[in-house]
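Shown next, in structure tokens, is the structure this report addresses.
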Amino acid sequence: MTALRVLHVDDEPDIREVVEFSLGLDPDLVIRSCASGEEALAVSEAWTPDVMLLDVMMPVMDGAATLVRLRENPRTAGIPVVFMTARAQSHELDLFRSLGAVGVIAKPFDPMTLATSVRAQIGPTDFLLGAMRQRFLQRFDDDLVALAQRWSAVEDGSAVASSLAEIRNIAHGLAGAGGIFGFDEISVTAATLEEAVILERSGMGSMSEIGSALERVVACAATTCNPSKPTDRICK
């Protein structure tokens, strides 16, 4: 069974300790803890947890504000979030779900059954789709690096044919998968890049058109996914 990565966010160190102990009773859970919403945003983008347990009442950035920020970033938008709170009245539960939370675990909780409660809050479809979206974005980062390397080889005049073939293959894969995971701009720009390579190889296009298509992929990366890799290395 694949381990489920759980990110727990709470400003109280005692609660973090109890949650780490409780979830540690399940050998198929991997747990990390954060003490603030700001820290959770950074860790969630780098570590891509499969589910986040989020305290509601925190200083500076509370749970609701943290969830809004998560949803604004395509790299973290698909992470299922479960609120943990002592405030669990019906109208508050409706508010949490309207913000995009998949569930709520009330405090105080039973440490011996917390892992079971976490698993019950997230459906298998939510978990699998969220995890696949995150893996696609990680792949997109890697593909940007590969595109940069292949385009540099084209500009240098070394292995032009094989480099263009690889650019086409990468673009083809992104065009097909991007739309499936909801990243339509990636899909469209990648398809344009693939077509530009095909036209150039058939004598009906040009290298400048491929370069322009690459620039659109880079612009898409910067605006849609905010990748960690620098984008100015691809197109000069």
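All of the numbers you see were taken from the coordinates with simple rules; none came from a lab. These numbers were taken from a predicted model, which means no experiment stands behind them. Note that each Cβ is placed from the backbone with ideal geometry, even for glycine, and that neighbours are counted across all protein chains shown.
Worth pointing out:
- Sorted peptide list for 79-85, 197-203, criterion being average Cβ within 10 angstrom, highest first: 79-85, 197-203
- Answer label for Cα extents along the principal axes in Å (calculated), chosen among (i) 45, 45, 39; (ii) 62, 51, 33; (iii) 69, 34, 28: (iii)
- For the chain, built as a Gaussian network whose Cα springs stay under 10 Å, the top-fluctuating residue of Ala42, Ala161, Ala146: Ala161
- Amide hydrogen proximity for Ser33: with H placed 1.01 Å from N in the peptide plane, the residues at 5 or more positions away or on another chain lying under 5 Å are His8.
- With both labels modelled 7 Å from their Cα along Cα-to-Cβ, the Ser162 to Ala219 distance reads 3.3 nm.
- Chain lengthening between Gln149 and Ala3 when straightened (0.36 nm per residue, less Cα-Cα): 49.2 nm
- Two-site FRET efficiency, Leu199 against Ala106, from Cβ-Cβ distance with R₀ of 35 Å, rounded to 0.05: 0.05
- Taking other C-beta atoms within 10 Å as the exposure proxy, His172, His91, His8 rank His91, His172, His8 from fewest upward.
- Anisotropy class of segment 4-122 from Cα gyration tensor, a/c 1.5 cut: rounded
- Choice from Leu147, Leu70, Leu25 with maximal GNM fluctuation in the chain (Cα, 10 Å cutoff): Leu25
- Rounded Å value of the spacing that divides the Cα centres of segment 2-58 and segment 153-190: 36 Å
- Environment charge at Ala40 (Cβ cut-off 11 Å; Lys +1, Arg +1, Asp -1, Glu -1): -4
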